[in-house]
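Student: Input: one structure, supplied below.
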Amino acid sequence: MHQLTLAEIARGLADKKFSSEELTKVLLARIAQLDPQLNSFISLTEDLALQQAKAADARRANGESGALLGAPIAHKDLFCTQGIRTSCGSKMLDNFKAPYDATVVAKLAAAGAVTLGKTNMDEFAMGSANESSYYGAVKNPWNLEHVPGGSSGGSAAAVAARLLPAATATDTGGSIRQPAAFTNLTGLKPTYGRVSRWGMIAYASSLDQGGPLARTAEDCAILLQGMAGFDPQDSTSIDEPVPDYSASLNGSLQGLRIGVPKEYFSAGLDPRIADLVMASVEELKKLGAVIKEISLPNMQHAIPAYYVIAPAEASSNLSRFDGVRFGHRCEDPKNLIDLYKRSRGEGFGPEVQRRIMVGAYALSAGYYDAYYLKAQKIRRLVKNDFMAAFNEVDIILGPTTPNPAWKLGAKSSDPVAAYLEDVYTITANLAGLPGLSMPAGFVDGLPVGVQLLAPYFQEGRLLNVAHQYQLNTDWHTRTPTGF
């Protein structure tokens, strides 16, 4: 049962081949057996899962149906879940039990999804390797000595190891797409505002976006259907109708214009990944797509702009964690200043502290214009590049990452080297565009992903292209040895 995709589970439940309760028990046992190798979960919710599974079976017995009714999933541990620890991978929130459900959690629960637990993540979603978690690093099931990518590495490792069929994740600078590439999954970052951020603990509010991680584009369509939609509680949510993503999967790619930016193929790209990207281009040409070289001239400025904007927003968002109302509180503070200093110093890890300091510096009176304001201007230039490109093409294609997954600890002493791994993904967050990573081959036994970008609210187009590609390739069906 653990090999079934979300779509196959929906069909199996509808045909009464098994119950949601049976499936949930199988997967919970599998997590207990295999997750100690991976460390992909922070919290398991066995009682809640069995309760939700029984309720889903009862709903089906009463004639209800739905692709997510009875389907087991997990949530990245920054989506608030009522009465359950929501830690953000941080000591700061190790003792925090959310008093309410995030909108994404509530929507998926209403659709009948079964929550198996909360997945491990980089602390406050800051990282590209899932090594900054207070609960320890997550291992990549394809090679336990390598990182699974971050910050949604727990969700990615759990799905890749077949501990569950799909999971929620978030993407601030590539944190859905990069772990998807590193673990042979399909991951989708929706258009900014497509999925509610209410109850999703913020890292950088103008960049964060929730989305699905699964093995196939078909499964991402099912999970996104349950997540997407306008939320009046979220001021950044956009009131745009949500199409039927599954209905658009089988459209023809005949005449689809795919742009390949020349800037993607620079010296920093592993040539073996470049070859796999071009092989995927050839596959899409066979399906009728038309390929065109394009240019994104301001891409070279994206990383410095991102690493000013994101830390600036983080320093503001994380100021609420001060030891007063909730979260970690130091022992026996001498006074209020001592309470703030020691609570934050003890509660936040090194990467979070680093970004808070960078952000506070960039926002300070003497440097705001020189750094933050300039970064926002570059952000606009990056968006303009995409708008010009989408006048010529329907989809942009390129590598998801410049290199395959690196060894655990390999970049720990050089944070900038890890930041550079986000070079292809952060532009979509700066511009607010939807992006998808899909499996496209292997380098030294490690998975490689290809990234697709589309105009605003064209998630269906991304899923259509990925699904047609997956009907004609088998990369996404490969399973890591031992799982």
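Student: For the range 347-388, with every protein chain kept in place, what is the accessible area per residue (1.4 Å probe, Å²)?
Tutor: Result: 57 Å² of accessible area for each residue.
Student: Carbon and sulfur together cover what percent of the accessible area of the range 1-101 at a 1.4 Å probe radius?
Tutor: 49 percent
Student: Setting aside same-chain residues fewer than 8 positions from residue 91, which aspartates and glutamates have a Cα under 17 Å from its Cα?
Tutor: Counting by Cα, and skipping residues close in sequence, residue 91 has these aspartates and glutamates nearby: 77, 122, 123, 131, 322, 331, 346, 351.
Student: Out of the GluC sites (Glu not before Pro) in the range 88-163, which ones are loop residues according to DSSP with at most 16 other C-beta atoms within 10 Å?
Tutor: Of the GluC sites (Glu not before Pro), the ones in loops of the range 88-163 whose Cβ has at most 16 other Cβ atoms within 10 Å are 145.
Student: If you don't mind, there's one more thing I want to ask. What length, rounded to one decimal in nm, is gained on full extension from residue 244 through to residue 272, with 0.36 nm per residue of separation minus their alpha-carbon distance?
Tutor: This chain segment gains 6.4 nm when fully extended.
Student: Provide 387, 1 ordered by accessible surface of protein heavy atoms (probe 1.4 Å), highest first.
Tutor: I get 1, 387, largest accessible area first.
Student: If you put +1 on each Lys and Arg Cβ and -1 on each Asp and Glu Cβ, how big is the dipole of the range 6-254 around its Cα centre, in Debye rounded to 20?
Tutor: Here the size comes out at about 340 debye.
Student: I would also like to ask the following. Report the longest stretch of the chain that contains none of the trypsin sites (Lys or Arg not before Pro) sitting in a DSSP loop with at most 10 other Cβ atoms within 10 Å.
Tutor: Longest run free of exposed loop sites: 17-324.
Student: Same structure, new question: On a 1.4 Å probe surface of the protein chains, which of 182, 265 comes out largest in accessible area, and what is the full order?
Tutor: 265, 182
Student: Under a 1.4 angstrom probe, counting protein chains only, how are 476, 2 ranked by accessible area, largest first?
Tutor: Most to least solvent-accessible, the answer reads 2, 476.
Student: On to the next question. Looking at the range 275-344, which GluC sites (Glu not before Pro) are in a loop (DSSP not H, G, I, E or B) and have at most 12 other Cβ atoms within 10 Å?
Tutor: Here the GluC sites (Glu not before Pro) that fit, given the DSSP loop and packing criteria, are 331.
Student: Calculate, in nm to one decimal, what residue 145 and residue 481 gain on full extension: separation in residues at 0.36 nm each, minus their alpha carbon distance.
Tutor: Gain on stretching residue 145 to residue 481: 119.6 nm.
Student: Another one. Taking the alpha-carbon distance from residue 292 and a cut-off under 14 Å, which aspartates and glutamates remain once sequence neighbours fewer than 8 residues away in the same chain are dropped?
Tutor: List returned: 263, 282, 392, 394.
Student: From Cα pairs below 8 angstrom and at least 6 apart in sequence, can you work out the relative contact order of the chain, rounded to a whole percent?
Tutor: 18 percent
Student: Sticking with this structure for a sec: Please give me the summed charge of the neighbours of residue 194: other residues whose Cβ is under 14 Å from its Cβ, Lys and Arg +1, Asp and Glu -1.
Tutor: Summing Lys and Arg as +1 and Asp and Glu as -1 gives -3.
Student: Over 31 Å between Cα atoms: which of 139/334; 189/377; 17/118; 118/407 fall into that group?
Tutor: 139/334
Student: Moving on to the next point. What is the Å³ per residue value for the convex hull set by the Cα atoms of the range 6-254?
Tutor: Hull volume normalised by residue count: 126 Å³.
Student: Moving on. Give the accessible area for residue 290 in Å² (nearest 10); use a 1.4 Å probe, count only protein heavy atoms, and leave out ligands, DNA and RNA.
Tutor: Its accessible surface works out to 80 Å², give or take rounding.
Student: With every protein chain left in place, what is the accessible area per residue of the range 59-137 in square angstrom, probe 1.4 Å?
Tutor: 29 Å²
Student: So what's the net charge close to residue 91: Lys and Arg +1, Asp and Glu -1, counting the other residues with Cβ under 9 Å from its Cβ?
Tutor: -3
Student: For the range 6-254, give the share of DSSP beta bridges that are antiparallel, in percent and rounded to the nearest 5; count only bridges with both residues there.
Tutor: 70 percent
Student: For the range 6-254, what's the relative contact order in percent, using C-alpha pairs closer than 8 Å and at least 6 residues apart?
Tutor: 18 percent
Student: Take every DSSP beta bridge with both residues inside the chain and express the antiparallel ones as a percent of the total, to the nearest 5.
Tutor: 70 percent
Student: How charged is the neighbourhood of residue 137? Take every other residue with its Cβ under 14 Å from the Cβ of residue 137, and add Lys/Arg as +1 and Asp/Glu as -1.
Tutor: Taking every Cβ under 14 Å from that of residue 137, the sum is -3.
Student: Dipole of the chain (Lys/Arg Cβ +1, Asp/Glu Cβ -1, origin at the Cα centre): which of 273, 86, 175 lies farthest to the positive side?
Tutor: 86
Student: Here's something else I'd like to know. Give the accessible area for residue 65 in Å² (nearest 10); use a 1.4 Å probe, count only protein heavy atoms, and leave out ligands, DNA and RNA.
Tutor: Probe radius 1.4 Å; accessible area of residue 65 about 100 Å².
Student: For the range 278-334, which chymotrypsin sites (Phe, Trp or Tyr not before Pro) are in a loop by DSSP, counting at most 13 other Cβ atoms within 10 Å?
Tutor: The qualifying sites: there are none.
Student: Counting only helical runs of four or more DSSP H residues, what would the 222 nm mean residue ellipticity of the chain come to if each run contributes -39,500 (n - 2.57) and the total is spread over all its residues?
Tutor: Rounded to the nearest 500, the figure is -11000 deg cm²/dmol.
Student: Heavy-atom accessible area of residue 142 with all protein chains present, probe 1.4 Å, nearest 10 Å²?
Tutor: Residue 142 exposes around 50 Å² with every protein chain in place.
Student: For the chain, give the magnitude of the charge dipole about the Cα centre (Cβ charges: +1 Lys/Arg, -1 Asp/Glu; no others), in debye to the nearest 20.
Tutor: Value, rounded to 20: 280 debye.
Student: Then there's this: Using a basic spin-label model with each label point 7 Å from the Cα along Cα→Cβ, how many nm lie between residue 326 and residue 282?
Tutor: Between residue 326 and residue 282, the simple spin-label model gives 5.4 nm.
The values are calculated or read from the model by the stated rules, or taken from the named source; none is laboratory data. The structure displayed is predicted, hence computed values, not measured ones. No Cβ is skipped: glycine too gets one built from the backbone with ideal geometry, and neighbour counts run over all protein chains shown. In case anyone asks, the SASA skips ligands and DNA or RNA and just uses the protein heavy atoms, side chains included. Shrake-Rupley method; radii C 1.70, N 1.55, O 1.52, S 1.80 Å.
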